[in-house]
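In what follows, a single structure is set out as structure tokens and then discussed.
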Amino acid sequence: MSENVHALIGAYAVDAVTPAERDEFESHLGACEDCAVELAGLQEATAVLAEAEASAPPATLKARVMADIARTPQAAPPTRDDRDAAGPMPAEGASAASATAASSRRRLWPRLTLAAASVAVLAVGGLVGSSLVQQRQEELALEKDVMMVTSAPDAHSMDLGLGAAHLVMSDKMSSVVAMGEDCPEPEAGMEYQLWVVMADGSKHAGPTFAPEPDGSFMTMMEMDMEGATAFVVTEEPMGGSEQPTTDMVAVVEL
Amino acid sequence: MRGDGMSAQRRERGLRAVPGGSDAVGAPASRPGQDAARLADLLVRSGRGDAAAFEELYDALAGTVHGLAHRIVRDPHLAEDVAQEALVEVWRVAARYRPDQGSARAWVMTIAHRRAVDRVRSEQSHADRLLTHGARHSGEVEHPEQVVDTMDAQWRAARVRRGLAALTPLQREALELTYYKGYTNRQLAESLGIPLGTAKARIRDAMIRLRDGWEVAR
């Protein structure tokens with residue numbers, strides 16, 4: 001019986017249930033923390049589906065809604081006892097991370113410009129001392145930006161000799177992305193750093209990065225491509241350097 | 001020209017932050033509805049009767065509520081009615097929202113989707129509607145001032161497309177018929193000629209794959 005109710009979770013998340021099934025599942029929810037947690041995740045996913053449908057509402061809608069709420073009494077908050085049965089969201093156990101993760105994808109990274117230089121560098125990534133939620137946000141924001149670059153109409157890809165890796169450049173997006181797999185671990189206490197080499201030989205510091213435990217990595221730099229002649233990767237002490245301090249481990253000539 | 005300006009902004013993935021990192025520099029002004037914590041706060045305040053908070057919430061979410069309703073019920077007038085009902089319902093039961101349960105956006109969209117699906121099912125012509133409306137609606141002409149961020153919208157659409165593309169054709173079909181067209185799991189099973197358990201599992205597998213692909217909360 002319980003097994004059957006549990007199996008309804010996907011259907012419940014997309015409202016593919018009859019009123020009786022809905023009631024049955026909701027009463028099950030209060031007693032099943034696993035279901036509550038899983039449902040919360042599925043509902044965040046359905047919210048993503050919904051967002052893709054966003055369109056400008058008719059101008060009249062707002063006036064109608066605001067007028068309506070002015071004469072609509074509100075339900076009182078539920079007490080602990082009725083929470084289990086209340087509302088479309090699960091009663092217990094949903095991760096607080098879901099709230100922030102859901103919108104973090106919409107965050108835009110700030111754009112930087114260096115007045116004196118033609119190169120603006122924006123490295124994106126995790127934060128020390130930040131919560132997992134924030135880190136997750138950073139990663140999602142990075143993934144978003146990476147996707148914008150790699151899907152740009154003028155994006156082009158070049159091999160980067162660092163495991164199975166490549167650089168993707170887009171003039172239109174003024175960005176370059178380095179990503180790949182099977183990236184070797186840097187020396188202890190070191191991490192990789194990306195540099196852009198200009199026509200005059202000067203090198204500008206880009207983001208530092210290190211592979212994940214599975215060898216994958218992804219980093220991105222925002223810059224004006226004008227005058228860039230190469231991208232170089234070196235190993236640098238943790239935190240990166242102002243100028244390269246070691247020989248390059250990978251290079252891409254433009 | 002080198003060094004200081006850039007190094008202050010440097011961050012790398014997964015390890016550390018430079019104090020005063022790039023968030024503080026040149027960040028775009030925050031736009032309505034961009035921030036989950038802000039939406040949660042607005043919804044909580046709405047639940048306490050704060051109409052101004054609700055109005056801000058409206059500005060952030062009404063476009064999605066309306067678009068979703070339009071996609072599901074098809075008819076523009078009906079869509080507006082459904083969106084109105086859903087948004088007023090949000091106001092009515094806002095006090096039940098608890099931020100630790102999930103995002104305000106997901107909570108609102110759950111209400112909106114349910115309202116739209118219930119309306120579709122109650123329509124007399126439901127059966128015909130299901131058979132005759134295959135194509136996605138073309139959307140309304142958006143007012144320029146309401147297109148807050150085209151890039152953002154494009155990215156959202158691309159993200160959804162990519163997520164849906166990662167599903168199997170059978171999973172996509174299951175979501176198309178349920179989430180977008182309002183079939184119950186039993187209707188799905190019968191229309192596809194598959195066992196009920198298979199239908200339930202297919203919907204669930206599809207949603208799990210989307211969730212994992214999008215890396216929203218689990």
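The values are calculated or read from the model by the stated rules, or taken from the named source; none is laboratory data. Since this is a predicted model, take the numbers as computed values, not measurements. In this analysis, Cβ positions are derived from the backbone assuming ideal geometry, glycine residues included, and neighbour counts consider all displayed protein chains.
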Close pairs (7 angstrom Cβ cut-off, 6 or more residues apart or separate chains): farther than 15 Å from A:Ala178 by Cβ in segment A:135-158, modelled with pLDDT of 70 or more and not in a loop (DSSP other than H, G, I, E, B) anywhere:
A:Ser151/B:Ala158; A:Ala152/A:Ser170; A:Asp154/A:Ser170
Out of all the residues in segment A:198-213, is one or more at the interface with another protein chain (Cβ under 10 Å from one of its Cβ atoms), closer than 25 Å to B:Val160 by Cα, crowded, with 22+ Cβ neighbours inside 10 Å and touching a Lys or Arg at 6+ places or on another chain (Cβ under 8 Å)?
no
Lone qualifier among B:Leu196, B:Leu188, B:Leu192, B:Leu210 - being among the aliphatic types (A, V, I, L, M), in contact (Cβ under 8 Å) with a residue 12 or more places away in the chain and more than 7 Å from chain A (Cβ to nearest Cβ)
B:Leu192
Considering every residue within segment B:51-64, establish whether at least one is at the interface with chain A (Cβ under 9 Å from one of its Cβ atoms), in contact (Cβ under 8 Å) with a residue 40 or more places away in the chain, β-branched (Val, Ile, Thr) and crowded, with 19+ Cβ neighbours inside 10 Å.
yes
Count, please, the residues in segment B:163-178 that happen to be polar (S, T, N, Q) and crowded, with 19+ Cβ neighbours inside 10 Å.
2
Report yes if A:Thr234 is assigned by TED's automatic domain parsing to the domain that holds A:Lys144, of a type outside the set (Phe, Trp, Tyr) and more than 22 Å from A:Leu142 (Cβ to Cβ), otherwise no.
no
Looking only at segment A:30-41, decide whether some residue is without any contact (Cβ under 8 Å) to a residue 24 or more places away in the chain and facing chain B (nearest Cβ under 9 Å).
no
Taking only segment B:183-199 into account, find how many residues are assigned to a helix (DSSP H, G or I) and within 22 Å of the chain's Cα centre (by Cα).
1
Only residues that are at pLDDT 80 or above, of a type outside the set (A, V, I, L, M) and farther than 16 Å from A:Ala50 by Cβ: list them for segment B:143-173, please.
B:Arg162, B:Thr168, B:Pro169, B:Gln171, B:Arg172, B:Glu173
Filter pass, A:Gly206 being under 17 Å from A:Pro244 (Cβ atoms) and under 24 Å from the mean Cα position of the chain (by Cα)
yes
Please tell me if A:Pro73 is more than 7 Å from chain B (Cβ to nearest Cβ) and outside any helix (DSSP H, G or I).
yes
For segment B:71-83, the count of residues that are within 7 Å of chain A (Cβ to nearest Cβ) and buried (at least 24 other Cβ atoms within 10 Å of the Cβ) equals 1
Does any residue in segment B:167-180 that is more than 8 Å from chain A (Cβ to nearest Cβ) come within less than 7 Å, Cβ to Cβ, of a residue that is part of a loop (DSSP other than H, G, I, E, B) six or more places away or on a different chain, and which pairs are these?
B:Leu177/B:Tyr183
Between B:Arg105, B:Arg96, which is touching a Leu at 6+ places or on another chain (Cβ under 8 Å) and either within 7 Å of chain A (Cβ to nearest Cβ) or at pLDDT 95 or above (or both)?
B:Arg105
May I ask you to list pairs of residues, at least six apart or on different chains, whose Cβ atoms are under 6 Å apart, with the first in segment A:174-185 being over 11 Å from A:Met148 (Cα atoms) and the second being aliphatic (A, V, I, L, M) and not in a strand (DSSP E or B)?
A:Cys183/A:Leu162
Subset of segment A:59-88 that is modelled with pLDDT of 75 or more and of a type in the set (D, E, K, R) - its residue that is surrounded by the fewest Cβ atoms within 10 Å (Cβ to Cβ)
A:Arg71
Within segment A:4-56, tally of residues that are polar (S, T, N, Q) and either within 15 Å of B:Ile111 (Cα to Cα) or modelled with pLDDT under 90 (or both)
4
